[in-house]
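S.K.: The structure's right below; bear with me while I get my questions together.
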Amino acid sequence: MDLMINKASALSGKARVPGDKSISHRALILGAIAEGETHISGFLPSVDCLSTLNCLLLLGVKIERLSSTELVIKGVGLRGLKEAKNVLDLGNSGTTMRIMSGMLAGQNFSSTLTGDDSLKRRPMGRVIKPLRLMGANICAEDEGDRAPIKITGQPLKGIIYKTPVPSAQVKSCVLLAGLLANGKTCVIEEIKSRDHTERLLKHMGVDIEISGNEVCVRGGSRPKAVKIEIPGDFSSASFLIVAAILTEKSDIIIKDVGINATRTGLLSVLTEMGANINILNEKTIYEEPRADIWVKSSKLKALTVGGELIPRLVDELPIFAVAATQASGTTIVKDAKELRIKETDRIRAICSELRKLGAEIDEFEDGFAIHGPCKLKGNICSSFGDHRMAMALAVAGMCAEGATIIKDSECIEVSFPGFEEILKSLVKGKNT
Ligand code: S3P
């Protein structure tokens, strides 16, 4: 499917974005191994989260869908999952594969996990290595680094794991395996990654200790069923935020978005670049902070982004690159090599596609430099089947003269169902 975008003028009004993807995965997985009925509202019914949901159904968990965003999971407890009859196909979802591996490694049955071509290219050694240190029996393609992954459930032992990559998927995988292991399991990160798993475990009454960048759980500590209200996804909101900043005379409010500090690096960076962003009605529900985000058109100045900031905005770097094309001066992104192993090589994709629209960009191994402000002109762009690339390019198209066509835009369903409609509802006149 192609998405056609025309240059847009002012965005105005209020919008809501669908539920947070990271929290939706975790709510399902932890709800499944909890004791009792977990009630989830604000669930993201996107393709990725439905991969997690289907996988849990195949493992014998009963899930009642009250509506597309509200569901009840009948938790089976830490050791109540059943062996799936077939291979578990997780589609495009790296989060499902990595977190689920931890939960399956300590069960008393075998599981095989696979995914689409993109997922089969992504590194899995980062979770297989610590799981093997815990005693897990796991085989994978490409010397233990790629899916399909075959897990033969085993008794596990607790470890202290200093992770070489700041990755919430690795941290969550090891912590979940830790709940099934003997003794205490700790994960130490050099740079703190998103902490939704820790917050949800705490909300579910699990014995968890957090001190700086070290998180420990006790084997056998059982999550209890709870009520979970998932806020809007900050990563989805980021496309609307940048669209409003870059289009003239825009003034929008995005309601009830998750503003967990491990996720909102983009807000800090854009504010430093001169963006007019205000946080309203801040509150915390069940451990997760949320607020309304008020954004107006703004003139941006270039900035260098790297180091500890990267994990706080890793998913927002494609849309940040679009913002940088309109900033005055040279914006540099460094220390972001992780982008090369996302749903596609996002450094290459950002550089090639924004160049097609007329941006001046230099590509580095770990990032890029954008010389702004760039006059963009519509063209035909590839999404590379990557949801965040497709949406970032759609926003770039709103700043470009003429029409921009984004190929294979159906991948947007992976994280943001309704993206085009929400954008249209904010645009005055016939723009998209
Ligand atoms: C996620 C963690 C991040 C992020 C991904 C979702 C999660 O990946 O990029 O979109 O929900 O844990 P890494 O753990 O690989 O950094």
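The values are calculated or read from the model by the stated rules, or taken from the named source; none is laboratory data. Remember, predicted model here, so these are calculated numbers, not experimental data. Reconstructed Cβ throughout: ideal geometry from the backbone, glycine too, with neighbour counts over all protein chains shown.
S.K.: Does at least one position in region 196-207 carry a residue that is more than 16 Å from the ligand (Cβ to nearest atom), modelled with pLDDT of 95 or more and in a helix (DSSP H, G or I)? Steps first, please.
M.R.: Restricting attention to region 196-207, the residues satisfying the condition of being more than 16 Å from the ligand (Cβ to nearest atom) are 202-207.
Next, only the ones that are modelled with pLDDT of 95 or more stay: 202-206.
Going one step further and asking which of them are in a helix (DSSP H, G or I), we end up with 202-203.
Scanning region 196-207, I find at least one residue that is more than 16 Å from the ligand (Cβ to nearest atom), modelled with pLDDT of 95 or more and in a helix (DSSP H, G or I), so the answer is yes.
S.K.: Within region 128-149, how many residues are aliphatic (A, V, I, L, M) and either touching a Ser or Thr at 6+ places or on another chain (Cβ under 8 Å) or within 14 Å of the ligand (Cβ to nearest atom) (or both)?
M.R.: Going through region 128-149, the residues aliphatic (A, V, I, L, M) turn out to be 128, 131, 133-134, 136, 138, 140, 147, 149.
From what is left, the residues that are either touching a Ser or Thr at 6+ places or on another chain (Cβ under 8 Å) or within 14 Å of the ligand (Cβ to nearest atom) (or both) are 128, 131, 134, 138, 147, 149.
So the count comes out to 6.
S.K.: Check off (1) closer than 30 Å to G42 by Cα; (2) touching a residue at least 12 places away in the same chain (Cβ under 8 Å) for M134 and give me the number that stays unchecked.
M.R.: Of (1) closer than 30 Å to G42 by Cα; (2) touching a residue at least 12 places away in the same chain (Cβ under 8 Å), only one is false for M134: (1).
S.K.: Check region 353-364 and report whether any residue there is in contact with a helix residue (DSSP H, G or I) (Cβ under 9 Å, 6 or more places away or on another chain), touching a residue at least 40 places away in the same chain (Cβ under 8 Å) and part of a helix (DSSP H, G or I).
M.R.: Yes - at least one qualifying residue is present in region 353-364.
S.K.: If you take the residues of region 93-127 that are without any contact (Cβ under 8 Å) to a residue 60 or more places away in the chain and out of contact with any Gly (no Cβ under 9 Å at 6 or more places or on another chain), which of them is nearest to the ligand (Cβ to nearest atom)?
M.R.: It comes out as R126.
S.K.: Hey, another quick one. For A321, which of the numbered conditions (1) under 25 Å from H371 (Cβ atoms); (2) hydrophobic (A, V, I, L, M, F, W, C); (3) within 14 Å of the ligand (Cβ to nearest atom) fails to hold?
M.R.: (3)
S.K.: Another question about this same structure. Could you pull out the residue among R26, R16 that is among the basic types (K, R) and within 16 Å of the ligand (Cβ to nearest atom)? Give the steps one after another, and end with the answer.
M.R.: On the way: R16 fails: within 16 Å of the ligand (Cβ to nearest atom).
After ruling out the rest, the residue left standing is R26.
S.K.: Got a number for residues in region 391-418 being in contact with a helix residue (DSSP H, G or I) (Cβ under 8 Å, 6 or more places away or on another chain) and basic (K, R)?
M.R.: Qualifying residue count for the region: 0.
S.K.: In region 138-156, how many residues are in contact with a helix residue (DSSP H, G or I) (Cβ under 8 Å, 6 or more places away or on another chain) and buried (at least 16 other Cβ atoms within 10 Å of the Cβ)?
M.R.: The number of residues fulfilling the criteria is 10.
S.K.: Among the helices (runs of 4 or more DSSP H) confined wholly to region 31-138, which include 3 or more residues that are among the basic types (K, R)?
M.R.: Numbers: elements: 47-58, 94-105, 117-121, 125-133.
Output list reads 125-133.
S.K.: Going through region 150-175 one residue at a time, which ones are within 25 Å of K85 (Cα to Cα) and either more than 23 Å from the chain's Cα centre (by Cα) or more than 12 Å from the ligand (Cβ to nearest atom) (or both)?
M.R.: Answer for region 150-175, where residues must be within 25 Å of K85 (Cα to Cα) and either more than 23 Å from the chain's Cα centre (by Cα) or more than 12 Å from the ligand (Cβ to nearest atom) (or both): K150, I151, T152, G153, Q154, P155, L156.
S.K.: Of all residues being in a strand (DSSP E or B) and polar (S, T, N, Q) in region 139-168, which is farthest from M97 (Cα to Cα)? Just the residue, please. Give the derivation first.
M.R.: Step one: list which residues in region 139-168 are in a strand (DSSP E or B), which gives 139-140, 146-152, 156-157, 160-163.
Going one step further and asking which of them are polar (S, T, N, Q), we end up with 152, 163.
On the way: T152: 15, T163: 18 Å.
Step by step, filter region 139-168, then rank; the result is T163.
S.K.: Can you tell me which of (1) within 16 Å of the ligand (Cβ to nearest atom); (2) touching a strand residue (DSSP E or B) at 6+ places or on another chain (Cβ under 6 Å); (3) within 20 Å of C49 (Cα to Cα) is the one V87 doesn't meet?
M.R.: Among (1) within 16 Å of the ligand (Cβ to nearest atom); (2) touching a strand residue (DSSP E or B) at 6+ places or on another chain (Cβ under 6 Å); (3) within 20 Å of C49 (Cα to Cα), V87 violates only (1).
S.K.: Same structure, new question: Look through region 157-175, keep the residues that are touching a residue at least 60 places away in the same chain (Cβ under 8 Å) and farther than 18 Å from G125 by Cβ, and return whichever of them is surrounded by the fewest Cβ atoms within 10 Å (Cβ to Cβ).
M.R.: G158
S.K.: For the subset of region 1-39 comprising residues that are of a type in the set (A, V, I, L, M), surrounded by fewer than 24 Cβ atoms within 10 Å (Cβ to Cβ) and within 25 Å of K255 (Cβ to Cβ), which member is modelled with the lowest pLDDT?
M.R.: The selected residue is A10.
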